[in-house]
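Okay, so here's the structure we're looking at.
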Amino acid sequence: MRIKLPRGLELRRARPGDAAGVGALVAQLGHATDGRGFAETFTQVIRHPEAAVFVVAEGVRVVAYLAVSHRPQIHLGGRVATIDELVVDATYRRRGLGAFLLDHALELARGLACVRIEAATARASDDDARAFYAAQGFVEADAVRLRQP
Ligand SMILES: CC(C)(COP(=O)(O)OP(=O)(O)OC[C@H]1O[C@@H](n2cnc3c(N)ncnc32)[C@H](O)[C@@H]1OP(=O)(O)O)[C@@H](O)C(=O)NCCC(=O)NCCS
């Protein structure tokens, strides 16, 4: 069943003018967003042919955003979609906005015939996100993410 958005809020694709609003949400997670690179990267992502950014706005204020990307993978014989970023303003949580945004990303991924849909979050520090994804039917994968320091 389709999730409904609370009254007064609208969902739309992100546009370049949303950089500051999305930046404020990114800053809530403790990331720096004041460099020139942030706005440039934001614009690249929203224009990228294999990515999509959705925002939930209340008037001119962006209160949540989700970034999803997708790419073909040889070993899967198909396309994988990744929820790269999902942030709901701290004062708007537990109203269904995260689930609403995720629902739209899943619809996009299914429309692209993605054979896998995944999300990544920190192992120890992010109980909220893990509980959220578990509530949306995601299961933890038997995989380890490696990164160059
Ligand atoms: C994780 C996050 C996106 C959830 O957004 P949200 O809008 O609050 O989530 P929803 O209201 O759609 O929650 C849907 C369901 O998920 C579960 N859930 C969500 N947050 C939860 C939490 N903190 N603890 C336990 N369960 C939770 C619940 O089952 C909830 O349904 P309920 O409220 O009826 O019980 C939000 O907490 C957030 O932005 N956190 C910081 C950023 C982050 O961790 N992003 C995800 C990693 S990319």
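No value in this document is a laboratory result; all are computed from the given coordinates. Here the structure is a predicted model, which is why all the values come from computation and not from measurement. No Cβ is skipped: glycine too gets one built from the backbone with ideal geometry, and neighbour counts run over all protein chains shown.
Some observations on this one:
- Restricting the calculation to Cα atoms, the chain shows an Rg/Rh of 0.94 when the hydrodynamic-style radius is the Kirkwood one.
- Separation in nanometres of the label points that stand 7 Å from Cα toward Cβ, at Ala113 and Arg61: 4.4 nm
- For the chain, size of Cβ-based charge dipole, Lys and Arg +1, Asp and Glu -1, in debye: 320 debye
- Between the listed residues Leu102, Ala67, Gly78, the Cα displaced farthest toward the positive end of the dipole of the stretch 44-149, a dipole computed from Cβ unit charges relative to the Cα centre, is found at Gly78.
- Over the stretch 10-135, relative contact order from alpha-carbon pairs under 8 Å, at least 6 apart, %: 21 percent
- Highest mobility in the GNM of the chain, judged by mean-square fluctuation with C-alpha springs under 10 Å and restricted to Gly37, Gly23, Gly98, is found for Gly37.
- For the stretch 38-102, the fraction of C-alpha pairs more than 17 angstrom apart is 50%.
- Label zone (Gln148, point 7 Å along Cα-to-C-beta; backbone nitrogen cut-off 17 Å) within the stretch 18-56: none.
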